[in-house]
Amino acid sequence: MSKPVRVAVTGAAGQIGYSLLFRIANGDLLGKNTPIALNLIELPDALTAASGVVMELEDCAFPLLRETVVTSDLEKGFGDVDVALLVGARPRGPGMERADLLMENAKIFVAQGKAINDFAREDVKVVVVGNPCNTNCLIAASCATRTNPENYTAMTRLDQNRAVAQLAGKTGTAVDAIKNMAIWGNHSPTMYPDWFHTSIDGKSAASVVNDDEWLKGAFMTTVQKRGAQIIQARGKSSAASAASAAIDHTFSWFTGAMTGDYVSMAVRSDGSYGITEGLYFSFPVKIVAPWKYEIVSGLEHGDFSKSRIRITEEELLGERNDVAAMLG
Ligand code: NAD
Ligand code: LMR
């Protein structure tokens, strides 16, 4: 077996961390042939709790887990890491929007962006989960001078999975019969879950669903507001489903395993579809080689899609404006 891949996870003592770490150590993140070394990064006050998680990781006796480091020190935590999963940040509570976390969480991503750029491997791959994840990713990537800003991504796979589950429920089909569900834009209520190029059992999703009012109404709203619905019900934000989506995002990026021709990830806009260059915007992407994605080109958009995509771009431009002073 090869040398372990070093994976940093921030927020290791949090609720997503508790669902995520055991799956990483089990080989779900990078496959069953990839040994793992874990660097768990936590705030000083949460190090004791993180050490309890480490004891449990040890007690699972995962064959792929070779080493676990727990630290608050960013140089040690991000030192030589191959992959960084940036989860640690404050979650929102009932009645809040993710954007309400912007100024508080932004500081975390300034410090971590600098540390990743300074200490991680030059080809480090970054997945931002902490909210508001697109703009936090922009902040971290703005420090990328030695590392590659195209290797910084934010997670909208949970939104893709939620959309697929809604379509499966509505049409009585299996989730894996649903291909090419695209999420455009921000991980926020303005995100655009685009079903126009989605297929169900090889037929267009729109024709199988055969209910335009539902697609443009309840379907979109449910996907856009699912996070808030979960917070309302649980009193806490989604955790196991978020961890599962982070696994899906990274596994697809590394292995090329896609649920169709493409998957959705927030990546650095290269100007595709007229989206402002440099924004971290969710696009449908194709994985063309391990750790190499391309934004899917040539998808046609009608006026409905165009207007939804502009709305979510506008929101991200507003967020970028709010954090302008923090960009590296
Ligand atoms: P949590 O409060 O249970 O855990 C967060 C953990 O992060 C805590 O243990 C805290 O000590 C730690 N932390 C805070 N600041 C840190 C820092 N600077 N460095 C290292 N660790 C730090 O929260 P959670 O439920 O695990 O959620 C974490 C984040 O993920 C939140 O911002 C939440 O909104 C977000 N989230 C995103 C998605 C998505 O789809 N992108 C889905 C669910 C949750
Ligand atoms: C989610 O979508 O469940 C997360 O982003 C948490 C939240 O605040 O909604």
Out of the stretch 1-74, which trypsin sites (Lys or Arg not before Pro) are coil in DSSP terms and have no more than 14 other C-beta atoms within 10 Å? 32
In whole percent, the fraction of accessible protein surface over the stretch 5-154 that belongs to carbon or sulfur atoms, probe radius 1.4 Å, stands at 52 percent
Local net charge near residue 234, Cβ-Cβ under 13 Å (Lys/Arg +1, Asp/Glu -1): +3
Counting only protein heavy atoms, what percent of the accessible surface of the stretch 157-322 is carbon or sulfur at a 1.4 Å probe? 49 percent
25 Å Cα-Cα threshold exceeded, pairs from 179/306; 32/236; 179/225; 203/286; 203/306; 3/179: 32/236; 3/179
Quick one, what does Rg over Rh come out to for the chain if you take C-alpha atoms and the Kirkwood Rh? 0.95
Give the cross-link partners of residue 76 among the aspartates and glutamates, using a straight C-alpha distance below 15 Å as the criterion and excluding same-chain residues fewer than 8 apart. 42, 67, 118
Note on the stretch 210-257: alpha-carbon gyration tensor, axes a ≥ b ≥ c; rule is a/c under 1.5 for rounded, else prolate if a/b larger than b/c, else oblate; result oblate
For the stretch 157-322, dividing by residue count, accessible area per residue (probe 1.4 Å) in Å² works out to 41 Å²
Using only Cα atoms and rounding to the nearest 10 degrees, what angle (0 to 90) does helix 15-25 make with the longest principal axis of the chain? 80 degrees
Furthest towards positive pole of dipole, 279, 156, 31, structure part the chain, Cβ charges: 31
Rank 4, 69, 259 by how far each Cα sits towards the positive end of the charge dipole of the chain (+1 on Lys, Arg Cβ; -1 on Asp, Glu Cβ) and give me just the farthest. 259
Round to the nearest 10 and give me the degree value, 0 to 90, for the angle of helix 303-322's Cα axis relative to the longest principal axis of the chain. 30 degrees
Estimated dipole of the chain in Debye, rounded to 20 [Cβ of Lys and Arg +1, of Asp and Glu -1, Cα centre]: 300 debye
Averaged per residue, the 1.4 Å probe accessible area of the stretch 5-154, protein heavy atoms only, in Å², is roughly 38 Å²
The chain, helix-only ellipticity at 222 nm - DSSP H runs n ≥ 4, -39,500 (n - 2.57), divided by all residues, nearest 500: -12500 deg cm²/dmol
Percentage, to the nearest whole number, of Cα pairs in the stretch 5-154 over 29 Å apart: 12 percent
Here the percent of antiparallel bridges among DSSP beta bridges lying wholly in the stretch 96-238, to the nearest 5, is 70 percent
Sorted on mean Cβ neighbours within 10 Å (highest first), peptides 51-63, 9-21, 312-324, 161-173 come out as 9-21, 161-173, 312-324, 51-63
Which residues' amide hydrogens lie under 5 Å from the amide hydrogen of residue 125, considering only partners 5 or more residues apart or on another chain, with H built in the peptide plane? 83, 84
Under Karplus coefficients 6.51, -1.76 and 1.60, residue-wise ³J(HN,Hα) of the stretch 105-118 in Hz, glycine/proline x: 6, 4, 4, 4, 7, 5, 5, 6, x, 5, 5, 5, 4, 7
Helix 157-171 versus the longest principal axis of the chain: what angle, 0 to 90°, nearest 10, using Cα atoms? 40 degrees
Residues whose modelled amide H sits under 5 Å from the amide H of residue 68, counting only those 5 or more places away in sequence or on another chain, are 38
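The values are calculated or read from the model by the stated rules, or taken from the named source; none is laboratory data. Predicted model, so just to flag it, every value in this text is computed and none were measured. Every residue, glycine as well, gets a Cβ built from its backbone with ideal geometry; the counts of neighbours run over all protein chains shown. Note: accessible area is taken over every heavy atom of the protein model, side chains too, but ligands, DNA and RNA are not part of it. Shrake-Rupley method; radii C 1.70, N 1.55, O 1.52, S 1.80 Å.
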